[in-house]
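Colleague: Structure incoming, see below.
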Amino acid sequence: MNDSTTPSLPELPEIWQQTLNWQPTTKQQVQLQRLYELILEGNQKLNLTRITDPQEFWEKHLWDSLRGVALLLRVGEKDDGEMGRLGDGEKDFTPRPHHFIDIGTGAGFPGIPVAIALSDCTVTLVDSTRKKIAFLEQILPELALENVKTLTGRAEEIGQQSQYRQNYDVAMIRAVSNASVCAEYTLPLLKQGGLAIIYRGNWTEEETTALTDAVKLLGGEIEAIEQFTTPLSKSLRHCLYLRKIATTPAKFPRAVGIPTHKPL
């Protein structure tokens, strides 16, 4: 499967286990390696990622994508209880949420690693750049992923369309704008009780204060902010978890461009 000219990703099962209490199966490892190969190939025509070194790719794209959904990796779906809250132990998410959306997916992160790891869930990849979505549509059969959908569009428009609004259990957003903009993009798409996961690098208490009011306006609350370091380069990362607790007012998300120019 691995072209002799393409380096192999590190497997690092012990690090997966120690940091996420999870590790990929043989099939999943093959899919992650193939994803790496396809992105390196695609990079020759499209500007998909600057991160091409195998260890860096493993840490900054694969591990980082799955760190955001670490709690979801560890729960089954046998329990018929409600999807619980963060911080109460591994019973938090029972049953496991099924419908994920990845906004501004770019080269497919975090959505494709999440779809590989959570094969019983459906992940919709959204990007406003048609060429990137066309690339993802091309590689999905190569990855044998049948639980992924694609959608070309702007988050502001999709969030106002009835077939997508209030339709998802989990909305993920990584490397897109500031946090209040991310909240405005994600919360309208979530069902009541759904969870937005915002991937960040650095984060401050002042930012938390500013975000709290924006999230409240959108029908959500900040449920948890996790700080962690990446396992290889020891870089600082944060994940913000926003819970949808009320209906988002109809005026959100605002028209294309307004959230970024006038953040809440």
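Colleague: Kindly list, by first and then second residue, each pair from a residue in the range 199-221 that is under 22 Å from residue 254 (Cβ atoms) and modelled with pLDDT of 95 or more to a residue that is part of a loop (DSSP other than H, G, I, E, B) and of a type in the set (Ser, Thr, Tyr), limited to pairs with Cβ atoms under 7 Å and residues at least 6 apart or on different chains.
Modeller: 218/248; 219/247; 219/248
Colleague: Quick check: is even one residue across the range 200-215 surrounded by 16 or more Cβ atoms within 10 Å (Cβ to Cβ) and closer than 21 Å to residue 128 by Cα?
Modeller: There is at least one residue in the range 200-215 that is surrounded by 16 or more Cβ atoms within 10 Å (Cβ to Cβ) and closer than 21 Å to residue 128 by Cα.
Colleague: Check 188, 249 and return the single one that is touching a residue at least 24 places away in the same chain (Cβ under 8 Å) and either under 18 Å from residue 70 (Cα atoms) or buried (at least 17 other Cβ atoms within 10 Å of the Cβ) (or both).
Modeller: The conditions single out 188.
Colleague: Only one of 21, 43 is within 20 Å of the chain's Cα centre (by Cα) and either among the basic types (Lys, Arg) or surrounded by fewer than 21 Cβ atoms within 10 Å (Cβ to Cβ) (or both); which?
Modeller: 21
Matching residues to (1) among the basic types (Lys, Arg); (2) free of Cβ contacts under 8 Å to residues at least 40 places away in the same chain; (3) under 26 Å from residue 229 (Cα atoms):
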position	(1), (2), (3)
14	no, yes, yes
20	no, no, yes
29	no, yes, yes
32	no, no, yes
38	no, no, no
44	no, yes, no
48	no, no, yes
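Colleague: Can I ask one more? Evaluate the range 165-176: report whether one residue or more is within 30 Å of residue 140 (Cβ to Cβ), touching a strand residue (DSSP E or B) at 6+ places or on another chain (Cβ under 6 Å), surrounded by fewer than 22 Cβ atoms within 10 Å (Cβ to Cβ) and β-branched (Val, Ile, Thr).
Modeller: no
Colleague: Among helices (runs of 4 or more DSSP H) lying entirely in the range 14-130, which contain 1 or more residues that are touching a strand residue (DSSP E or B) at 6+ places or on another chain (Cβ under 9 Å), at pLDDT 95 or above and among the β-branched types (Val, Ile, Thr)?
Modeller: Hits in the range 14-130: 111-117.
Colleague: Find the residue count for the range 132-165, including only residues that are over 25 Å from residue 247 (Cα atoms) and part of a helix (DSSP H, G or I).
Modeller: Adding up the residues that qualify gives 8.
Colleague: Any residue in the range 175-196 that is farther than 19 Å from residue 98 by Cα and more than 17 Å from the chain's Cα centre (by Cα)?
Modeller: So far as the range 175-196 goes, no, none of its residues is farther than 19 Å from residue 98 by Cα and more than 17 Å from the chain's Cα centre (by Cα).
Colleague: Do you know which residues across the range 228-246 are surrounded by 18 or more Cβ atoms within 10 Å (Cβ to Cβ), aliphatic (A, V, I, L, M) and touching a helix residue (DSSP H, G or I) at 6+ places or on another chain (Cβ under 6 Å)?
Modeller: 242
Colleague: Further question on the same structure: Residues being touching a residue at least 24 places away in the same chain (Cβ under 8 Å) and buried (at least 17 other Cβ atoms within 10 Å of the Cβ): count how many of those fall in the range 137-146.
Modeller: 3
The values are calculated or read from the model by the stated rules, or taken from the named source; none is laboratory data. Being a predicted model, the structure only gives us computed values, none of them experimental. Every residue, glycine as well, gets a Cβ built from its backbone with ideal geometry; the counts of neighbours run over all protein chains shown.
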